[in-house]
Amino acid sequence: MGIKTGLPRWELYLYSTVLYLAMLWTASWIYDVSSSNVNRKSFKSSVTPGWHYFSRRMDTADFEWVMWFSTFREHIIFALSGHVIFAKICSMLAPEYKALMYMFYGMMAVLVSMGWTYITLILSHCVLLYTISLVKLRWLCFLAGLTTLSTFKMEPFVSWQASFVMVDFELRSVLFYGGCGFTIVRSMSFALENCQKKDANYSILELLKYNFYLPFFYFGPIMTFDKFHAQANRVVLTRKEGEIWNISLQGLLHLGAIITADILFHFLYILTIPTDMKLLKHASDWALVGVAYCNLVYDWVKSAVMFGVVNTVARLDHLDPPQPPKCITMLYVFSETHFDRGINDWLCKYVYDYLGRRHDNVLNEAIATMCTFGVTILWLGPCQGVFLWAFFNCLGLNFELWTAKLLSMEPFTSLEMAMSPAMSRRIRALFNSFNFWTIVLYNIIALNSPGFTSLVAKRLLLKGFPVTTLTVLAVTYCLVQLIKERERRQALIDDPDRTPPPAPVTASTTQATPTIAPPTASVQPIVDPSKEKAE
């Protein structure tokens with residue numbers, strides 16, 4: 001199927017109409033469940049007074065979101081605004097020392113927020129991994145880094161290190177784990193890059209500049225050391241035409257996302273409903289499916305806003321940070337279900353690509369994905385939900401590769417060659433629709449609970465069969481076709497003169513890659529992955 005293959009306009013209009021009507025229908029069911037059960041006993045702890053003038057209560061089940069955008073909103077704005085002003089002054093007066101000034105401001109901010117003992121703990125981890133990096137052994141750096149990271153996941157090491165934080169406030173634990181976890185990952189990146197530098201060593205000052213860059217310190221995203229070092233130490237600072245306008249526009253979009261999420265929290269209690277299993281058992285199929293899907297969309301919005309805000313600040317500092325995660329609505333292959341592109345790039349560079357090599361061998365690919373998910377489990381914290389999430393996503397990831405290998409053989413290639421390009425696209429979209437809900441079910445295991453996931457799966461596949469199953473599949477098919485059309489148009493904008501490939505692309509058009517882990521290279525690499533997928 002060539003890159004320029006499209007569908008009739010009336011068909012796309014039909015898909016759009018079906019999709020939007022289904023979304024409104026689902027939202028009405030969720031709204032009905034939210035409004036009719038607002039006084040339930042299980043809702044009282046998380047559904048609190050909100051907009052009195054609309055007589056609406058607010059879903060506050062995610063305490064991090066509430067703390068960030070209510071209690072600590074002014075503190076975050078003050079700290080980041082101070083960084084922007086401080087960085088601008090340094091860039092104007094002494095651009096060659098700006099990375100050093102970023103480090104100084106970041107250390108002062110961490111000192112004020114968490115105390116000097118916390119700074120001491122962070123510095124000790126940096127010094128430890130820096131010392132080990134001088135040995136120039138990758139496996140030793142990995143062993144030391146993962147061992148250090150595991151000390152924040154097991155007792156009594158967690159309690160002992162947590163005692164270094166002398167201050168006490170609501171987000172204390174979040175800042176503690178965020179700062180320590182990202183410090184270890186950044187220090188591992190530094191150590192592994194130092195191993196590649198055969199003729200000399202980076203100084204420990206470079207590690208401190210890298211680690212204490214305030215916008216990334218507590219919540220990421222992760223930039224690998226080689227990229228940060230090259231960008232932060234540039235002396236000649238220039239901007240592309242219209243870049244400031246784009247940065248301002250991104251900031252307004254993030255503000256709009258925050259306001260939209262706040263509005264939805266007052267009308268759709270998508271975070272509280274999954275905690276009441278008795279209510280879920282009596283909810284309609286549409287409400288249950290909608291809540292499951294909305295939970296993943298909310299997780300994307302949360303990540304996009306959090307990373308988007310700090311990325312906006314980083315772009316003002318002339319850095320090119322990792323992009324926000326791709327929306328779950330736009331995903332129908334496991335290869336792109338990473339919710340953190342920074343961790344994705346880190347795992348790709350140091351684990352997945354290093355072990356998978358060219359990604360054309362099934363055995364190497366299986367080893368690479370299992371090791372990648374092993375590191376991810378340690379990063380997220382070992383527990384039943386994370387183990388199940390990792391197992392199913394790793395299975396789905398490799399299954400895509402196996403399917404791609406199978407469908408690249410005869411007689412499947414001949415069958416596809418005999419089809420029209422439009423029909424080939426429709427058949428692919430049908431299989432992608434199954435894949436879409438597989439991704440949804442696998443990922444709500446970690447976001448909610450295995451019990452909620454099991455209930456949604458049973459309702460979709462067993463109790464709701466065939467009406468609910470086929471209806472949801474039909475709506476998802478419309479969604480996948482619209483995604484494919486958007487990708488097709490974007491690929492043609494990027495390269496309008498590209499000709500169709502000589503042979504049909506396999507059913508899984510991009511190679512499988514770990515969730516939160518890197519997108520893989522395909523068997524026959526193409527420069528732009530988005531174009532490859534659009535084919």
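So what is the calculated 222 nm ellipticity per residue for the chain, using -39500 (n - 2.57) for each DSSP H run with n of 4 or more, over all residues, to the nearest 500 deg cm²/dmol?
Values: 23 runs with 344 residues, N = 535.
It comes out at -21000 deg cm²/dmol, rounded to the nearest 500.
Average projected area of the Cα convex hull of segment 334-490, in nm²? Please list the in-between numbers first.
Details: hull surface 44.1 nm².
So the Cα hull casts an average projection of 11.0 nm².
Averaged per residue, what accessible area in Å² does segment 243-319 show with a 1.4 Å probe, protein chains only? Let's see the in-between values first.
Details: 3090 Å² over 77 residues.
Per residue, segment 243-319 has 40 Å² of solvent-accessible surface.
Please tell me which of these pairs span more than 28 angstrom C-alpha to C-alpha: LYS136/LYS349; LYS227/LYS326; LYS198/LYS349; LYS153/LYS197; LYS227/LYS484; LYS136/LYS227?
Values: LYS136/LYS349 17 Å; LYS227/LYS326 21 Å; LYS198/LYS349 18 Å; LYS153/LYS197 31 Å; LYS227/LYS484 32 Å; LYS136/LYS227 20 Å.
Going by Cα-Cα distance, LYS153/LYS197; LYS227/LYS484 fall outside the 28 Å limit.
Check the straight Cα-Cα distances from LYS98 and name the aspartates and glutamates below 18 Å, setting aside those fewer than 8 residues away within the same chain.
Straight-line reach from LYS98, under 18 Å: GLU206, ASP226, ASP317, ASP320.
Cα centroids of segment 218-259 and segment 189-213: how far apart, whole angstrom?
Segment 218-259 and segment 189-213 have Cα centres spaced 22 Å from each other.
Compute for segment 51-137: radius of gyration divided by Kirkwood radius, i.e. Rg/Rh, restricted to C-alpha atoms, rounded to two decimals.
Values: Rg = 19.4 Å, Rh = 16.5 Å.
Checking Rg against Rh, the ratio lands at 1.17.
What Kirkwood Rh does the chain have if only Cα atoms enter the pairwise 1/r average? Answer in Å.
Result for the chain, one decimal place: 25.1 Å.
Relative to the compact-globule scaling 2.2 N^0.38 Å, provide the ratio for the alpha-carbon radius of gyration of segment 365-404.
Details: Rg = 10.4 Å, N = 40, 2.2 N^0.38 = 8.9 Å.
Expressed relative to 2.2 N^0.38 Å, the Cα Rg reads 1.16.
Give the cross-link partners of LYS41 among the lysines, using a straight C-alpha distance below 19 Å as the criterion and excluding same-chain residues fewer than 8 apart.
Counting by Cα, and skipping residues close in sequence, LYS41 has these lysines nearby: LYS278, LYS281.
Setting aside same-chain residues fewer than 8 positions from LYS405, which aspartates and glutamates have a Cα under 13 Å from its Cα?
Once the sequence-local aspartates and glutamates are set aside, what remains near LYS405 is ASP360, GLU365.
The values are calculated or read from the model by the stated rules, or taken from the named source; none is laboratory data. All values reported here derive from a predicted model rather than from experimental measurement. Protein only, heavy atoms only, side chains kept; ligands, DNA and RNA dropped before computing areas. Shrake-Rupley method; radii C 1.70, N 1.55, O 1.52, S 1.80 Å.
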